[in-house]
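Inspection log for the structure reproduced underneath, given as structure tokens.
Values in this text are rule-based calculations from the coordinates and carry no lab data. Small disclaimer: the values here were computed from a predicted structure and weren't measured. Heads up, the Cβs are rebuilt from the backbone with ideal geometry, glycines too, and the neighbour counts pull from every protein chain shown.
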Amino acid sequence: MKRAAAEPEILPLLSARWSPRAFADVNLSLDDLAPVFEAARWAPSANNQQPWVFVAASRSEDPEGFERLANCLLPGNRRWAPRAPVLVLAAARMLRPDGKPIGTALYDLGLAVGMMTVQATAEGLWLHQMAGFDAGVATGTLGLPEDVQPVAMIAIGPIGDAAELPEDLRGREISARERQPRDAFVHRGRFGG
């Protein structure tokens with residue numbers, strides 16, 4: 001497992017989180033993931049709009065639904081992500097029922113997925129979030145309404161053996177995690193300060 005070299009130290013649950021590409025070949029149902037989706041349910045959102053939308057399928061429970069989700073992936077992610085037991089499309093409802101825009105919808109979705117990630121990590125499951133998918137294919141294939149914007153695909157499952165990945169992905173799986181320094185993104189009092 002790759003832990004974050006955080007300084008100062010952060011919660012062990014947060015330092016344990018990372019995004020594997022190697023997933024164990026196990027059966028995992030959406031019922032098994034109920035606590036993970038429940039964590040998203042309780043995420044904060046502006047005006048309690050709760051704009052997140054998830055389309056999920058388990059490879060073992062719903063092979064056709066899983067294949068629909070897998071077909072939304074771009075070729076690079078299609079090489080490894082369908083080995084995960086569950087695929088999820090994370091999307092955001094962009095309009096309120098009165099037709100006004102939800103300006104914080106993407107922010108709120110990100111926080112909901114963050115809550116899912118922490119819950120999954122606590123349960124020994126891992127998420128790999130991906131921008132490498134075709135939003136147009138996802139919208140059409142999954143029957144999303146016009147006001148729902150696909151944002152990310154997520155592979156979920158227990159960590160597998162990196163040796164089972166295509167050779168060019170193995171090194172990325174075991175390499176050290178890197179982050180920019182805090183001073184690069186925390187500005188004191190004003191941007192650049």
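Assorted remarks:
- A value for mean projected area of the Cα convex hull in nm² was derived from the coordinates, and within the list (1) 11.1; (2) 19.1; (3) 12.7 it appears as (3).
- Taking only the alpha carbons of region 28-106, we obtain Rg and Dmax values of 14.8, 42 Å in that order.
- Max mean-square fluctuation residue, GNM over the chain, Cα-Cα springs under 10 Å, options ILE159, ILE174, ILE102: ILE174
- When you restrict to C-alpha pairs under 8 Å that are six or more residues apart and normalise by the size of region 20-175, the relative contact order lands at 33 percent.
- Beta bridges by DSSP in the chain, antiparallel share as percent, to the nearest 5: 100 percent
- Here region 175-193 and region 62-138 have alpha carbon centers that stand 27 Å from each other.
- When the helices of the chain are scored as -39500 (n - 2.57) per DSSP H run of n ≥ 4 and the total is divided over every residue, the value at 222 nm lands at -8500 deg cm²/dmol.
- Approximating the spin labels as points 7 Å out from Cα along Cα→Cβ, the ARG179-to-ARG41 distance works out to 3.0 nm.
- Legend: helices of the chain (whole DSSP H runs) are marked when their alpha-carbon atoms reach 18 angstrom or more along the helix axis and their mean Kyte-Doolittle hydropathy is at least -1.0; marked are 105-122.
- The packing ranking, built from the mean of other Cβ atoms within 10 Å per residue, places the peptides 146-156, 85-95 in the order 85-95, 146-156, highest first.
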